[in-house]
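As structure tokens, the structure follows; a few thoughts come after it.
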Amino acid sequence: MKAIFISYNQAYHEEIIDIMERSQIRGYTYWETVKGKGSFRGEPHLGDHAWPTLNSALLIFADDSLIPSLKAKLKDLDAKSEAMGLRFFTWTIDS
Amino acid sequence: MSLYQTAVKRPITTALIFVAIAIFGIFSLMKLPIDLYPEIDMDQIMVVTYYAGASASDIENNVTKVLENGLNSVSNLKHITSQSRENVSVVTLEFNYGTDPDVATNDIRDKLDVIKSSLPDNAENPVLFKFSTDDIPILILSVTSQESEPGLYRILTDAVVNPLARINGVGAVSISGIPKRQIMVYCDPYKLSAYNLSVESIASVIGKNNRNIPSGSIDIGSNTYSLRVQQEFTDPSELKNIVISSTGGKNIYLKDVATIKDTLEERTQEAYVNNKKGGIIIIQKQSGANSVSISKQVMSKLPSLEKKLPSDVKLGVIINTSDNIVNTIDSLKETILITFLIVMLVVFIFLGRWRATFIIILTIPISLLASLIYLLASGNTLNIISLSSLSIAIGMVVDDAIVVLENITTHIERGSRPAQASVYATNEVAISIIASTLTMLAVFLPLTMVQGMTGVLFRQLGWTVSIIMLVSLISAMALVPMLCSKMLKLKHKESKFHRVVFGVINRGIESLNNGYAKLLGWAVHHRSLVLSSALVIFLASLFILGPMMKTEFFPAQDNSRVTINIKLPTGTRQDITRALSKRITNDFIRDYPEIEVCNFSEGSANSDNTFASLRDNGTNIISFNIRVVKPAKRKRNLNEICASMRKDLHKYPLIRTFSVMGGQQGGMGGQGSVEIDIYGYDFANTDAVAASVKSKLMSNKSINQVVISRDEYTPEYHVVFNREKLAMNGLDITTASTYLRNRVNGVTASEYREQGDEYDIIVRYAPQFRESLEDIENIIIYNNSGNGVRVRDVADIVENMTPPTIERKDRERVVSVTAMVPTNMALSDLIQIATDDMNSIDLPTGITWDFGGTYEDQQSTYADIITLMLLVLILVFIVMAAEFESLTYPFVIMLSIPFALVGVIMGLVINNTPLSVMSMIGLLMLLGIVVKNGIVLIDYIRLCRERGLGVAHAVVTAGRSRLRPVLMTTLTTVLGMLPLAMGRGEGSEMWRGMGLSVAWGLSISTLVTLVIVPTMYCVFAGNGIKRLRKKELK
């Protein structure tokens, strides 16, 4: 079992849900608006006057076998337009 | 779910809602009536009281003063003026604009009930007349005929007047200049005395012989028949053979002592059209009815009515008020269309994409159409005010849409899908576009709460622009995101042509950006220099250009209509007046090729012609109605033509006074005039002051018309009966004066009926027996026993001078001197001259003076507007302070306002246009428009600072990035104003001032704002940082 946390520009939401479905992942936990900024580069997403964009976040627990294809698709998506902002982190958990 | 999210998710619903708005808007556009101005409620009520036999001063003391004192406490009263003439008192109550006419009328009625008991016993009940600017006739038709004249009055009544009067909204149709048919019995006084007859006995015999009397009914056999005497005259010639007396077995017929003429009334108002005798038909509308729709209906009916008339009778149009209104509104509509195209072009040049341009431009028709729905629903009209508000709004409605679209584009370029980008990008800017719309509402909503005349003008402007702004905000937050999500593409292809053209434009904008960034970089390091030079510019323009600026109330509107009133010495005979009028007409037609129709009327008006009899009329008074060709077809404008006519009229020695009025009459759109009211009880003193002001004013070469309101003393013959002598002859004053009247003025003996119409049969002396004073002295008066005595034995005829009408204003005797503003002056110049002249006169004690008329209206309106501006400034400040949560930023932004004033002054002085109410409206709007640029700049500077940039760096970066949107919104507004400012169409003089002030004010203030606001920001931010550091050090 693996956990994957995806933090992304709100505008990506539908595309990411799409990717999940194509990767046969069904269950997720979703926060519609979260704020945050990256550690290295990219614009902060704070929803305030200076940085008006906002992020959404997904927490997914899925079988190990499903994770690699999801990661690959997410990477592709991020590479298409880096300015939007999309980050994900995975770790192993006890089921 | 937010508005934009819903809109993007449900594109069909969204689209259809806006389609519905558009459809309703188009429907309203077709239904909306047209008018020149917003409807102004009645502002004057006349109280007319007849008191027969009283002289002007009796009337003043016994009737007018009583009425004035009683009516003075009616609420909302602006002025109370009165005219006391022989037999009649006319008290005019002038109300503040916007007073409810019904309430005012009731109020007056209540007061009159109380006053009635204090009026003299013989005075008739006071009668109320409601008058408003609406009562100027909307159509004047001319009637010319060769042969049909004797029966013309009846023909016209049946065939034209009655059908026209049935049209909905027509108030009254009256015929003037066409005499009525009368049967005259002209008696020979010598024959009368020979047969011992009198005018009265003849009249009574005629009356008794002209009868139809039902005599009851009789039963004959099985039937009942009614019995009647049917002996009315069937032909006027029957009169000749009436037996009026039988002496010594011989019958005396009427033809023996009198001649019978089937003719026209003797004294009438005559009308000439282009020097051809004819008549005029005057059509007035009911108060509140729409002139354009009425005259449209009248004009469409005319051809069919003309067919029913005898072939030699021709109808023509002398004046059609609606022509000018329709043309004015049309040229304004054209202006709006041009504005729309210009704005579209600007947007396209800046955005460089057809789809984006389309999305943005779409908000214009939708918001304009929405405001038309409001206009229709609230019962307003398409008029100069409502349409120019539309024109003003065009340039501003795109602003919100542009902000939204630009942000969506940024998101899409960053890689977001259009649908998501539309929602999230709109979300980001929603607050800021709502705030900027609120700023505009802070300017325009207060306008809807103003009272009085200013209120009438501004209420529509306020509502219209507010609604347009709100709808454009909604459309920017719903329609624009929806369309963007559907129409914008992630990557759009560019054609080669497109690349070439927009390459150039983009390079231009880029170099402008760089230049501006450099300028800003320099400015933020030379703050004191920049700020002090700005101060110098402001003060210089205020103190050097300011005094050069002239003011007026409303621009004089060129409606191709000239009215001239000419007074000859009182008592001038009608034939002399007529001859002079003809001469003037000939001279005018020769000298003024611009004249299309020249109509004049002279003579005493018939009392059944309400319109004519309310105006000044008499055998010595001529009134001209002249229509000249459209402004586009002539070189001289109306004011120049009027000025030249005045010069020409000075050449006729017979003319005592005259006034030439061009254009609209009354407050709005008329040629400006200065009215000096001189108050004082003593006639001689006030007359002397008035005369000396007049001569002083006339000594100025360019002033060519000064009129004193008080008339001269009128010469009259008074028959003074000696009561003792009358008594010795068994007579009294009443009997004697009735005899006199019956012989000179005539007595109506009976009515002659023909085809359902009645004509008076008048018995009087034949004209040749009432031409000299001897004739009058020879009149024989009979007493009860039938003994005659001549007038000369019981009375003296003396010549006397009757004092003129006594005019009062606000319960004091007044004489007003009215000077027309000449073409090369503005109202303010003439006011200055008049003030100087009045100050140079040594006023006798008890005499005061004041300005009235246009100047008074102007002053009160300007005072209202200035109060309004202060209110608007405070509101704008509050909205901005709330938006920025700061007191310094709004202050910095508001620095651009003084420069808007500089721009307005410069624009008006350079174009030599006086400051009018319309340009004041422009100035008022500028308050909201100019701060928008400041808001955009400061907002972005703040953003850059929050993103961690230093003050100077933030200012330059923000300037660089915001120059484009600022230029774009400014250009759409300024270029949108150009068609208004440069308009040459009919009526364009009305809105030119407004266009000029907005275009100039916004341009100058934007140029200055771009430098001064960032610099000022630096000063405040720098101080803030210093203060912060000091605190930290402590």
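Points to keep in mind about this one:
- For B:Ile394, the requirement of being of a type outside the set (Lys, Arg), more than 14 Å from chain A (Cβ to nearest Cβ) and surrounded by 22 or more Cβ atoms within 10 Å (Cβ to Cβ) is met.
- Single residue of the stretch A:1-17 satisfying the filter (more than 14 Å from chain B (Cβ to nearest Cβ) and not hydrophobic (A, V, I, L, M, F, W, C)) that is farthest from B:Gln5 (Cα to Cα): A:Lys2
- Single match in B:Leu16, B:Leu71 (criterion: aliphatic (A, V, I, L, M), over 34 Å from the mean Cα position of the chain (by Cα) and at pLDDT 85 or above): B:Leu16
- Boolean, B:Ile408 is in a helix (DSSP H, G or I), under 23 Å from B:Arg353 (Cβ atoms) and in contact with a Cys (Cβ under 8 Å, 6 or more places away or on another chain): yes
- Looking at the stretch B:431-549, the helices (runs of 4 or more DSSP H) lying wholly inside it that each contain 3 or more residues that are out of contact with any helix residue (DSSP H, G or I) (no Cβ under 6 Å at 6 or more places or on another chain) sit at B:452-474, B:496-525, B:527-540.
- For first residues located in the stretch B:428-452 and away from every other protein chain (no Cβ under 14 Å), partners that are among the polar types (S, T, N, Q) and in a helix (DSSP H, G or I) and lie 6+ apart or on another chain with Cβ distances below 6 Å form the pairs B:Leu441/B:Ser466; B:Phe444/B:Ser466; B:Leu445/B:Ser466.
- For the stretch A:60-95, a residue qualifies if it is touching a helix residue (DSSP H, G or I) at 6+ places or on another chain (Cβ under 6 Å), away from chain B (no Cβ under 14 Å) and not in a strand (DSSP E or B), and exactly one does: A:Lys73.
- From B:Asn241, B:Asn210, residue being at pLDDT 85 or above and buried (at least 19 other Cβ atoms within 10 Å of the Cβ): B:Asn210
- When B:Ser816 is tested against (1) at pLDDT 85 or above; (2) polar (S, T, N, Q); (3) surrounded by fewer than 19 Cβ atoms within 10 Å (Cβ to Cβ), exactly one condition is not met: (3).
- Residue count for the stretch B:7-18, restricted to those that are under 17 Å from B:Val471 (Cα atoms) and touching a helix residue (DSSP H, G or I) at 6+ places or on another chain (Cβ under 9 Å): 6
Residues checked against (1) farther than 30 Å from B:Val817 by Cβ; (2) buried (at least 17 other Cβ atoms within 10 Å of the Cβ):
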site	(1), (2)
B:Asp687	no, yes
B:Lys694	no, yes
B:Tyr713	no, no
B:Val720	yes, no
B:Val747	yes, yes
B:Glu751	yes, no
B:Phe769	yes, yes
B:Glu774	yes, no
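- Condition check for B:Ala421 on (1) in contact (Cβ under 8 Å) with a residue 24 or more places away in the chain; (2) more than 14 Å from chain A (Cβ to nearest Cβ): one failure, at (2).
- Verdict on B:Val966 being free of Cβ contacts under 8 Å to residues at least 60 places away in the same chain, more than 14 Å from chain A (Cβ to nearest Cβ) and part of a helix (DSSP H, G or I): yes
- Qualifying residue in the stretch B:882-897 (condition: over 25 Å from B:Asn1023 (Cβ atoms) and crowded, with 19+ Cβ neighbours inside 10 Å): no
- Note on the stretch B:49-62: residues that are under 32 Å from the mean Cα position of the chain (by Cα), modelled with pLDDT of 85 or more and of a type outside the set (S, T, N, Q) amount to 1.
- Here B:Glu413 meets each of (1) within 14 Å of chain A (Cβ to nearest Cβ); (2) in contact with a Phe, Trp or Tyr (Cβ under 8 Å, 6 or more places away or on another chain) with one exception, condition (2).
- Hey, B:Ile929 in contact with a Ser or Thr (Cβ under 7 Å, 6 or more places away or on another chain) and either within 27 Å of B:Val904 (Cβ to Cβ) or in a helix (DSSP H, G or I) (or both) or not: yes
- Among the residues of the stretch B:726-763, the one identified as at positive phi and not small (Gly, Ala, Ser) is B:Gln755.
- Verdict on B:Asp682 being touching a Leu at 6+ places or on another chain (Cβ under 7 Å) and at pLDDT 85 or above: no
- Any chance B:Thr263 is surrounded by fewer than 22 Cβ atoms within 10 Å (Cβ to Cβ), more than 26 Å from B:Gly171 (Cβ to Cβ) and not aliphatic (A, V, I, L, M): yes
- Among the residues examined, B:Arg960 qualifies as surrounded by fewer than 24 Cβ atoms within 10 Å (Cβ to Cβ), touching a residue at least 24 places away in the same chain (Cβ under 8 Å), part of a helix (DSSP H, G or I) and among the basic types (Lys, Arg).
- Residue within the stretch B:911-924 that is within 14 Å of chain A (Cβ to nearest Cβ) and either over 25 Å from B:Leu447 (Cβ atoms) or surrounded by 21 or more Cβ atoms within 10 Å (Cβ to Cβ) (or both) present: no
- Being more than 14 Å from chain A (Cβ to nearest Cβ), free of Cβ contacts under 8 Å to residues at least 40 places away in the same chain and under 29 Å from B:Ala881 (Cα atoms) holds for only one residue in B:Gly455, B:Gly462, and it is B:Gly462.
- Among the residues of the stretch B:74-88, the one identified as under 12 Å from B:Glu807 (Cβ atoms) and more than 28 Å from the chain's Cα centre (by Cα) is B:Arg85.
- Odd one out for B:Ser709 among (1) at pLDDT 85 or above; (2) touching an Asp or Glu at 6+ places or on another chain (Cβ under 8 Å); (3) among the small types (Gly, Ala, Ser): (1)
- Hey, B:Arg353 within 14 Å of another protein chain (Cβ to nearest Cβ) and charged (D, E, K, R) or not: no
- Scan of the stretch B:89-107 for residues that are surrounded by fewer than 20 Cβ atoms within 10 Å (Cβ to Cβ) and under 30 Å from B:Pro803 (Cα atoms), ordered by number: B:Thr92, B:Glu94
- Residue list for the stretch A:18-59, filter: buried (at least 16 other Cβ atoms within 10 Å of the Cβ), part of a loop (DSSP other than H, G, I, E, B), within 14 Å of chain B (Cβ to nearest Cβ) and at negative phi: A:Glu43, A:Pro44, A:Leu46, A:Trp51, A:Pro52, A:Thr53, A:Leu54
The values are calculated or read from the model by the stated rules, or taken from the named source; none is laboratory data. Because the structure is a prediction, the values reported are computed rather than measured. Positions of Cβ are generated from backbone atoms using ideal geometry, with glycine treated the same way; all protein chains shown enter the neighbour counts.
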